[in-house]
1. Among the residues of the stretch 67-74, is there at least one that is buried (at least 21 other Cβ atoms within 10 Å of the Cβ), farther than 26 Å from D243 by Cα and at pLDDT below 95?
2. So in the stretch 48-66, with the set limited to residues that are farther than 15 Å from S5 by Cα and more than 15 Å from the chain's Cα centre (by Cα), which one is modelled with the lowest pLDDT?
3. Taking the criterion of being open to solvent by 20 Å² or more (accessible area, probe 1.4 Å), modelled with pLDDT under 95 and within 26 Å of G86 (Cβ to Cβ), would at least one residue in the stretch 199-214 satisfy it?
4. When you look at L102, is it closer than 21 Å to L210 by Cβ, in contact (Cβ under 8 Å) with a residue 24 or more places away in the chain and open to solvent by less than 40 Å² (accessible area, probe 1.4 Å), yes or no?
5. Name the single residue, out of those in the stretch 246-258 being in contact with a strand residue (DSSP E or B) (Cβ under 8 Å, 6 or more places away or on another chain) and in a loop (DSSP other than H, G, I, E, B), that is surrounded by the fewest Cβ atoms within 10 Å (Cβ to Cβ).
6. Applying the selection to the stretch 215-245, what residues are open to solvent by less than 60 Å² (accessible area, probe 1.4 Å), touching a Cys at 6+ places or on another chain (Cβ under 9 Å) and modelled with pLDDT of 90 or more?
7. Could you run through the stretch 1-24 and say how many residues are part of a helix (DSSP H, G or I) and either within 25 Å of A211 (Cβ to Cβ) or under 17 Å from the mean Cα position of the chain (by Cα) (or both)?
8. Being within 21 Å of P245 (Cβ to Cβ), open to solvent by 40 Å² or more (accessible area, probe 1.4 Å) and of a type in the set (K, R) is the requirement here; does R137 meet it?
Amino acid sequence: MAVVSSVTQIAQGIVKAALCCPRIAARVKPGQFVTIEPGIPSANCRRPFTVYSRRDDVIDLVIQDAGPNTRAYAGWKAGQDVEILGPIGQGIIIDPAIECFLMIAGGCGLASMHFPAREINEQTSARVIVGCGFRNRAQVFGQADFERIGATFNYVTQAEDSKTAVDLLREILSRDGLPSSDKVQIITCGPKPMMKQVALLAQEAGVSCLAFIEQVMGCGGIYACKSCAVPMLSGFPKYVCKDGPVFPAEEVNWYELT
């Protein structure tokens, strides 16, 4: 059980929930996630959330009000007990040879980027450039958090700028000052069609790419249901809860991923 420390609105329909859970906070690695008990009685599946950040005994989750369950989570009160399972999955492996990380996200996919970005900043001297696409400016979040750890933060919106995260990535890749392609790595998270386009752009640019992939998990992430399969070009699927959630984008069969 975790105890809700606070729930803070950080953008339109988006909150940051701080949960006190010492055992998970002591073990969680950047890239790993947790699953939360259903928020409403009629729901059966636990919901997965990437750990946004960790502070002593507390982990932060970013939650978007997208339905009855997430609306219930966003309504948590300080002191409330929450059933939580984690950490789940494999932590992201930071390549020390990379000189510039491009973190490309769509909407709340940005929540998967902060913990790895902080780790990159602490472990290496590499530059971190964040690019995120949001639906509108009312849903922009995270800029101060990323800039506080030394990352460069860029964003566009569909409503005001008529641009997406993919457009932003094209712009960033065309800028002067980036290292050679073998010294750059893209890390992406967001809607699957967006990540597919990011993966194709990365291949065209000769840049390695890691993708945070989310799938429905009937078992809550304990590798029992195997419903979180990710199709791979090898023909052998991998699983978000056991092998992921981060996968080399060039190994994923994006045309079969649903």
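The values are calculated or read from the model by the stated rules, or taken from the named source; none is laboratory data. Source: prediction; values computed, not measured. For neighbour counting, all protein chains shown are included, and Cβ atoms are generated from backbone atoms with ideal geometry for every residue, glycine included. Keep in mind that these areas ignore ligands, DNA and RNA; they rest on the heavy atoms of the full protein, side chains included. Shrake-Rupley method; radii C 1.70, N 1.55, O 1.52, S 1.80 Å.
1. Within the stretch 67-74 (the criterion being buried (at least 21 other Cβ atoms within 10 Å of the Cβ), farther than 26 Å from D243 by Cα and at pLDDT below 95), the answer is yes, since at least one residue qualifies.
2. A66
3. yes
4. Working: closer than 21 Å to L210 by Cβ: yes; in contact (Cβ under 8 Å) with a residue 24 or more places away in the chain: yes; open to solvent by less than 40 Å² (accessible area, probe 1.4 Å): yes.
When the stated conditions are applied, L102 passes them.
5. So in the stretch 246-258, the residues in contact with a strand residue (DSSP E or B) (Cβ under 8 Å, 6 or more places away or on another chain) come out as 246-253, 257.
Next, only the ones that are in a loop (DSSP other than H, G, I, E, B) stay: 253, 257.
On the way: N253: 13, L257: 17.
Checking each candidate, the answer is N253.
6. C228, Y239, V240, C241, G244, P245
7. So the count comes out to 1.
8. Numbers: within 21 Å of P245 (Cβ to Cβ): no; open to solvent by 40 Å² or more (accessible area, probe 1.4 Å): yes; of a type in the set (K, R): yes.
So R137 does not fit the description; no.
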